[in-house]
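Below: one structure, written as structure tokens.
The values are calculated or read from the model by the stated rules, or taken from the named source; none is laboratory data. In this text the structure is predicted, and so the values were computed from the model without any measurement. Cβ placement follows ideal geometry from the backbone for every residue including glycine, while neighbour counts extend to all protein chains displayed.
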Amino acid sequence: MPVLEIKNLVKDFGGLRAVNDVSFHIDEGEILGLIGPNGSGKTTIFNCINNYFPISSGNIFFRGVNITGMKTHKICRLGIGRTFQVVKPLARLTVLDNVTASAFSRANSIKEAKKEAEEIVAFCSLTRERDKLAKSLPIGGRKRLEIARALATRPKLLLLDETAAGLNPSEVDQAIALIEKIRENGISILIVEHIMKVIMSISDRIHAINFGQTIAEGTPEKVANNPAVIEAYLGEEYAQG
């Protein structure tokens with residue numbers, strides 16, 4: 001049984017159809033890359049999964065349960081965590097306190113939340129920054145903190161939205177290593193990323209969309225060589241060449 005199954009997802013904003021009849025699934029323990037040009041509907045799909053945006057039609061199943069229209073906090077408690085493209089930590093709190101606050105979505109006491117937060121901070125290589133204010137972190141640290149906050153909700157499925165954006169090459173390698181470590185801990189991942197090094201190196205499969213519609217799905221190699229994907233990213237002349 002897939003950990004996530006999206007069937008015929010449609011999302012309209014007034015007269016604009018941002019997502020048009022998209023269907024895909026993620027298996028347990030799998031990393032699925034979701035790619036497409038800017039404005040193609042990737043983050044909108046994330047927001048539909050978490051019900052930040054109510055969908056126009058279609059169905060979303062998580063571990064066999066239809067979560068379509070379910071309250072966002074209930075979806076989180078079921079086991080879907082996410083990061084955001086624009087990271088907004090609790091700026092005046094420390095790194096540890098940020099993660100502790102997220103852990104309260106599951107923990108029953110401050111002692112339990114802090115213990116879990118300490119473990120996640122270490123897991124995300126943030127121990128040296130644990131007592132620093134979140135607003136003082138550089139972009140690489142803020143990105144890792146965003147992942148740590150999501151992990152504190154104890155997800156079975158993690159949605160990662162441009163985790164490597166703005167990072168230098170060394171930080172990109174660290175991000176790849178962290179994502180692989182998360183999967184090794186039994187968490188399935190749906191990732192949106194424009195850095196092809198990240199997507200191609202960690203994804204088991206890739207689902208490509210353009211103008212809100214599916215244009216390709218398959219292994220990284222298959223999708224990278226798909227003419228429709230080449231055209232959507234690199235221009236018609238390249239695709240014909």
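Okay, here's what the table says:
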quantity	calculated
Members of the range 64-90 found to be surrounded by 17 or more Cβ atoms within 10 Å (Cβ to Cβ) and at positive phi, listed by number	G79
Index of the failed condition, S125 passing every other in (1) surrounded by fewer than 18 Cβ atoms within 10 Å (Cβ to Cβ); (2) part of a helix (DSSP H, G or I)	(2)
Lone unmet requirement of (1) at pLDDT 95 or above; (2) closer than 18 Å to R154 by Cα; (3) not basic (K, R) for S105	(1)
Residues that are surrounded by 16 or more Cβ atoms within 10 Å (Cβ to Cβ) and either in contact (Cβ under 8 Å) with a residue 40 or more places away in the chain or not in a strand (DSSP E or B) (or both), drawn from the range 8-26	L9, V10, K11, R17, A18, V19, N20, V22, F24, I26
Residue match in the range 135-149 (condition: at pLDDT 95 or above, part of a strand (DSSP E or B), surrounded by 14 or more Cβ atoms within 10 Å (Cβ to Cβ) and not hydrophobic (A, V, I, L, M, F, W, C))	no
Residues being buried (at least 19 other Cβ atoms within 10 Å of the Cβ) and either among the small types (G, A, S) or over 10 Å from K11 (Cα atoms) (or both) - total across the range 52-63	2
